[in-house]
Amino acid sequence: MASGREPAPDSSAQQAISLEELAQAFAQVMGGPPQPRGDVPPAAGAAAEAEAPPEGDIAAAEAGPPPPVSAAMSAAESEACAVTPRSILEAMLFVGDRQNRPLSAAQAAEMMRGVEPGEIPALVDELNRRYAAAGCPYHVIHDDAGYRMSLRKPFFALRDRFYGRIREARLSQPAVDVLAIVAYRQPLTAEQVGTLRGKPSGHVLAQLVRRGLLRIERAAGSRRAAQYSTTTRFLRLFGLQTLADLPQSEDPLGS
């Protein structure tokens with residue numbers, strides 16, 4: 001995602017995008033209604049995009065995996081906050097990584113001694129109960145990729161004002177079509193997107209990556225083709241907590 005001026009969008013079919021239009025674009029390309037993914041949130045009109053800093057702003061300290069965190073710390077080090085699996089998980093969620101990707105249960109457990117991935121959901125639930133009891137403006141949410149911190153919906157407007165001037169996100173119709181396909185079917189390779197859309201889509205995918213709405217994922221050392229998924233900026237742009245909040249249909253589209 002560019003932090004300053006974004007690349008000029010395609011000159012054809014410029015429009016502001018709403019959740020309803022995204023779902024309609026997917027239905028038109030696929031020849032049917034979108035795949036159900038969760039409850040339908042109230043329509044919010046045209047999507048607004050803040051001039052936000054890049055997604056990697058909150059970065060991990062040094063490259064490479066950190067050593068497991070031990071709870072055996074001196075009294076002085078732990079005086080302000082008890083070092084427990086819950087507080088270690090909370091710290092990891094606040095810090096994030098260089099790409100601001102969600103934290104999976106396996107990643108979290110790998111960084112803590114004596115904690116298994118299956119224990120992470122209970123720790124997250126405990127954190128959210130404490131946040132709710134304290135009236136915190138944030139909570140931990142979970143999507144297909146893992147866990148991340150998020151503001152509660154009543155504070156979205158404050159977040160947008162903090163990031164700066166709000167403007168409508170304008171994308172070409174081909175970009176809307178590709179974004180809709182990836183949003184509902186992710187992760188997808190460029191070849192899969194082209195097959196679903198009926199035409200090569202590599203240049204459109206590259207445009208959406210530059211704008212920070214899609215990200216490329218490829219396992220280290222893997223020869224598999226790169227796969228495209230939506231980003232947290234995509235969720236923020238459409239006012240979504242998770243991908244499950246995408247508009248759905250009661251008549252699902254067959255795979």
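The values are calculated or read from the model by the stated rules, or taken from the named source; none is laboratory data. Keep in mind it's a predicted model, so treat the numbers as computed, not measured. Note that each Cβ is placed from the backbone with ideal geometry, even for glycine, and that neighbours are counted across all protein chains shown.
Residue check, R130 against (1) without any contact (Cβ under 8 Å) to a residue 12 or more places away in the chain; (2) of a type outside the set (G, A, S); (3) in contact with a His (Cβ under 8 Å, 6 or more places away or on another chain), all met but one. Which one?
(3)
Kindly indicate whether Y147 is of a type outside the set (D, E), under 19 Å from the mean Cα position of the chain (by Cα) and surrounded by fewer than 16 Cβ atoms within 10 Å (Cβ to Cβ).
Values: of a type outside the set (D, E): yes; under 19 Å from the mean Cα position of the chain (by Cα): yes; surrounded by fewer than 16 Cβ atoms within 10 Å (Cβ to Cβ): no.
No, not satisfied.
If I ask for residues that are of a type in the set (A, V, I, L, M, F, W, C) and at pLDDT 80 or above, which ones from region 159-182 would you list?
Of everything in region 159-182, those that are of a type in the set (A, V, I, L, M, F, W, C) and at pLDDT 80 or above turn out to be L171, A175, V176, V178, L179, A180, I181, V182.
Name every residue in region 177-220 that is of a type in the set (A, V, I, L, M, F, W, C) and either closer than 18 Å to F238 by Cβ or in contact (Cβ under 8 Å) with a residue 40 or more places away in the chain (or both), in order of residue number.
Matches in region 177-220: V178, L179, A180, I181, V182, A183, L188, L196, L208, V209, L213, L214.
Starting from residues that are out of contact with any helix residue (DSSP H, G or I) (no Cβ under 8 Å at 6 or more places or on another chain) and either under 14 Å from E191 (Cβ atoms) or surrounded by 10 or more Cβ atoms within 10 Å (Cβ to Cβ) (or both), keep the ones in region 215-232 and report whichever is modelled with the lowest pLDDT.
Result: R224.
Just wondering, is there one or more residues in region 182-197 that are more than 25 Å from R223 (Cβ to Cβ) and either in the same structural domain as A27 (by TED's automatic domain parsing) or in a helix (DSSP H, G or I) (or both)?
Yes, region 182-197 contains a residue that is more than 25 Å from R223 (Cβ to Cβ) and either in the same structural domain as A27 (by TED's automatic domain parsing) or in a helix (DSSP H, G or I) (or both).
Every residue, every condition in (1) buried (at least 16 other Cβ atoms within 10 Å of the Cβ); (2) within 25 Å of I216 (Cα to Cα); (3) at pLDDT below 75; (4) more than 16 Å from the chain's Cα centre (by Cα), yes or no:
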position	(1), (2), (3), (4)
A82	no, no, no, yes
M92	yes, yes, no, yes
G96	yes, yes, no, no
Q107	yes, yes, no, yes
M111	yes, yes, no, yes
V115	yes, no, no, yes
L123	yes, no, no, yes
Y131	yes, no, no, yes
P137	no, no, no, yes
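Check off (1) closer than 25 Å to M149 by Cα; (2) at pLDDT below 80; (3) over 13 Å from the mean Cα position of the chain (by Cα) for G239 and give me the number that stays unchecked.
So the condition that G239 fails would be (3).
Residue under question is P121, and the condition is that it be part of a helix (DSSP H, G or I), over 21 Å from P85 (Cα atoms) and either outside the structural domain of A225 (by TED's automatic domain parsing) or among the charged types (D, E, K, R) (or both); does it hold?
Spelling it out, it is not the case that P121 is part of a helix (DSSP H, G or I), over 21 Å from P85 (Cα atoms) and either outside the structural domain of A225 (by TED's automatic domain parsing) or among the charged types (D, E, K, R) (or both).
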